[in-house]
Amino acid sequence: MSLKKSARSFYLVLTVLLVSNKILAQQSDPPFLKYMNHPWVDSVMKTLTIDQQIAQCIWIAGYSNRDISHEVEICDIIRKYGVGGIVFFQGTASKQAELTNYYQKISKVPLLISLDAEWGTGMRLEMLTDFLIR
């Protein structure tokens, strides 16, 4: 079989697979989409000023291994500006959980909580396991 025929056959098979894969793709929406345009979200957003809506797009750095002045600063920012989330960095898991619960209590809108942990939670939090073997 010539190279031209082999290439043509390969592209034909590839096209058929790609098209059939598209047809067999997910037939229903993922569950989280049911919250798109949800009345609760709309009702909360309507209570916010334009500055507060913008603040929802901003995340701030949080540390669970710093002193009380850092915690007070984060609380002040949450109360004053209504930021949308916190990205945690170093500390301990138990202190982070404690701070997360407290920050959620004082926030008008639920915060999105994240952790900078691309190698695993042990990368940032003490006494936990990394995913990356060094």
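Bear in mind that the values in this text are calculations on the coordinates, not laboratory data. Not measured: the values here are computed from a predicted model. Quick reminder, even Gly has a Cβ in these numbers, built from the backbone with ideal geometry, and neighbours come from all protein chains shown.
Both numbers refer to the Cα atoms of region 60-125; Rg and Dmax are 11.2, 33 Å.
The count of lysine pairs in the chain with alpha-carbon distances below 25 Å, taking only pairs 8 or more places apart or on different chains, stands at 11.
Under a 5 Å amide H cut-off, with hydrogens placed 1.01 Å from N, Phe88 pairs with Gly62, Ser114, Leu115, Asp116 among residues at least 5 apart or on other chains.
Per-residue ellipticity at 222 nm computed for the chain from its helices equals -15000 deg cm²/dmol, with DSSP H segments shorter than 4 residues left out and the rest contributing -39,500 (n - 2.57). On a per residue basis, the convex hull of the C-alpha atoms belonging to the chain measures out at 207 Å³. Farthest toward the positive end of the dipole of the chain, out of Thr92, Leu112, Val72, is the Cα of Leu112, where the dipole comes from beta carbon charges about the Cα centre.
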